[in-house]
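Worksheet for the structure shown next.
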Number of protein chains: 2
Amino acid sequence: MTHYSGYDRFNIAVDCIIFGFDNEGLKLLLLKRSFEPAKGKWSLMGGFLKEEESLDDAAARVLENLTGLQNVYMEQLAAFGDVGRDPGDRVISAAYFALINIDDSDRALVEKHNAHWVLFKEVPDLIFDHNAMVIRALKRLRRKAATEPIGFNLLPEKFTLTQLQRMYEAVFQHELDKRNFRKKILQMNVLEKLEEKDKESSKRGAYLYCFNEQKYHDLISEGSTFGI
Amino acid sequence: MTHYSGYDRFNIAVDCIIFGFDNEGLKLLLLKRSFEPAKGKWSLMGGFLKEEESLDDAAARVLENLTGLQNVYMEQLAAFGDVGRDPGDRVISAAYFALINIDDSDRALVEKHNAHWVLFKEVPDLIFDHNAMVIRALKRLRRKAATEPIGFNLLPEKFTLTQLQRMYEAVFQHELDKRNFRKKILQMNVLEKLEEKDKESSKRGAYLYCFNEQKYHDLISEGSTFGI
DNA sequence: CCAAAAGTGTTATTAATACACCCATGC
DNA sequence: GCATGGGTGTATTAATAACACTTTTGG
């Protein structure tokens, strides 16, 4: 016996805007829809909410189904609830965005779903209101990446300062000054400089760094903030 | 015949975080819940989504039911979807926040709903996850009010610079320097100075201003941004 | 030896902050 | 004439932006 009988009930979906980053730039993981309506069209990865799971759990499940990844950085963007947004039926969708390192994703799984990493600048027409979701996700990503240390989720555990700068340049879509960038990020003292060097992209080799959660907390607790 | 049969369906609620402002400070419009479960407890104003309306429409309807107001500044905060968030039944709630001028609201309607304007600092324990919604709404309000001209929605059409400053002080919960504040807001050139003076709060009288949408658009289109 | 990326400080400009006195008026 | 809130400018400090050369090393 429910307390709230007599009210309309709805299908609820979660749709995932999955950001990735590599040498080519900022990318989205998109797939060709395998069922009607809009079968064969480009789409975000989605799924329906189940009775026994939270929205956050559903989004994590959908992401894991596609990428094989758990414990990924995810954040709810908003709920999309226009009446005609899905021509198949009335569906309310909670959109989530995720930041992952492309190399961590399970390539076989991704291929099985007929999914592809697409450069953000080249995102095609997507079904329903998915383009609107993507645009809002980028806006949110830009804002948050500028003020919180979430961008690191797009990189491997160990990265060079140049890689880090390229990542921010891809997110913000404009170039940064190398010296000012390094000054700023190093002054915040949230990175740990490793002994190792990366020799892949230069002969000289570049020192590898990793983000240090503890250092970040120290920064915050002394009243400072992260900012690029 | 629906395309998406076989998936669970859910009640969907909208809950409204209604901000107001007067001489006493920043306030929230809260009500004592008139039905089970949690009857008699403090709560946000809410309602259930109907088949024929969008989430935004539902939020606007719920707000109008309580305040009598239409065309109010409203923005979706997020969807809240934890499994046990509402002990009455599984309900997914889309939280919206609204900014209104307290004097514009229909006092009789507000009283009829057993609703009260409560100082933000004195918000009591609310049902379910409503306190969490309120905290996130304030965070969002602070961020957006600092970078977009939404704070004006908390004031009457015509206001003095002191009123404007008090509003921002109430939102940010810290004092601002009078001269720096006036310099900043006037330099942006988004206010229109009226001939009229307000004589209510001083003998000398203070010039009234109003926000000018056109001037704001001019500011934006020349590449500048609003900021307090 | 040279191409290619790594690394490194200083100056100039701009924005943010701190701060105190006179003005107008109703009582 | 005095208490009350309205109104105004400058100097200091901090943050941001602009900018060019040396280093290392594999080929």
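Quick grid of which residues meet (1) touching a residue at least 12 places away in the same chain (Cβ under 8 Å); (2) surrounded by fewer than 13 Cβ atoms within 10 Å (Cβ to Cβ); (3) not β-branched (Val, Ile, Thr):
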residue	(1), (2), (3)
B:PHE152	yes, no, yes
B:GLU157	yes, yes, yes
B:LEU164	yes, no, yes
B:LYS203	no, yes, yes
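Out of A:ALA146, A:ALA137, A:ALA94, one residue alone is at pLDDT 95 or above, of a type in the set (Gly, Ala, Ser) and surrounded by fewer than 20 Cβ atoms within 10 Å (Cβ to Cβ). It is A:ALA146.
Scanning region B:65-122 for residues that are among the acidic types (Asp, Glu) and in contact with an Asp or Glu (Cβ under 9 Å, 6 or more places away or on another chain) returns B:ASP82, B:ASP86, B:ASP103.
At least 3 residues being of a type in the set (Lys, Arg) is the threshold, and among the strands (runs of 3 or more DSSP E) wholly inside region A:8-111 not one reaches it.
Out of all the residues in region B:175-184, is one or more more than 14 Å from every other protein chain (Cβ to nearest Cβ) and more than 10 Å from DNA strand C (Cβ to nearest atom)? Spell out how you get there, then give the answer.
Taking region B:175-184 as the starting set, the residues that turn out to be more than 14 Å from every other protein chain (Cβ to nearest Cβ) are B:175-184.
Imposing the further condition that a residue be more than 10 Å from DNA strand C (Cβ to nearest atom) reduces the set to none.
No: region B:175-184 contains no residue that is more than 14 Å from every other protein chain (Cβ to nearest Cβ) and more than 10 Å from DNA strand C (Cβ to nearest atom).
So, B:VAL62, is that one of a type in the set (A, V, I, L, M, F, W, C), within 27 Å of A:GLY84 (Cβ to Cβ) and within 9 Å of chain A (Cβ to nearest Cβ) or not? No, not satisfied.
Selection over region A:1-48 of residues that are among the aromatic types (Phe, Trp, Tyr), in contact (Cβ under 8 Å) with a residue 12 or more places away in the chain and within 14 Å of chain B (Cβ to nearest Cβ) gives a count of 2.
For region A:168-192, a tally of residues being more than 28 Å from A:LYS121 (Cα to Cα) and either within 11 Å of DNA strand D (Cβ to nearest atom) or part of a loop (DSSP other than H, G, I, E, B) (or both) returns 5. A:GLU195 meets each of the listed conditions (1) part of a strand (DSSP E or B); (2) surrounded by 13 or more Cβ atoms within 10 Å (Cβ to Cβ) apart from (2).
Answer yes or no as to whether A:LEU119 is closer than 22 Å to A:GLU64 by Cα, outside the structural domain of A:SER43 (by TED's automatic domain parsing), touching a residue at least 60 places away in the same chain (Cβ under 8 Å) and more than 16 Å from DNA strand D (Cβ to nearest atom). In short, no.
Condition test on B:ILE228, is it within 14 Å of DNA strand C (Cβ to nearest atom), in contact with a Gly (Cβ under 8 Å, 6 or more places away or on another chain) and of a type in the set (Val, Ile, Thr)? Step through it out loud before you land on a result.
Numbers: within 14 Å of DNA strand C (Cβ to nearest atom): yes; in contact with a Gly (Cβ under 8 Å, 6 or more places away or on another chain): yes; of a type in the set (Val, Ile, Thr): yes.
So B:ILE228 fits the description; yes.
Within region A:171-181, does at least one residue satisfy the condition of being buried (at least 20 other Cβ atoms within 10 Å of the Cβ) and either in contact with a helix residue (DSSP H, G or I) (Cβ under 9 Å, 6 or more places away or on another chain) or in contact (Cβ under 8 Å) with a residue 40 or more places away in the chain (or both)? Among the residues of region A:171-181, at least one is buried (at least 20 other Cβ atoms within 10 Å of the Cβ) and either in contact with a helix residue (DSSP H, G or I) (Cβ under 9 Å, 6 or more places away or on another chain) or in contact (Cβ under 8 Å) with a residue 40 or more places away in the chain (or both), which makes the answer yes.
The values are calculated or read from the model by the stated rules, or taken from the named source; none is laboratory data. For clarity, every value in this text was computed on a predicted model and none was experimentally measured. All Cβ positions, even for glycine, are placed from backbone atoms using ideal geometry, and neighbour counts span all protein chains on display.
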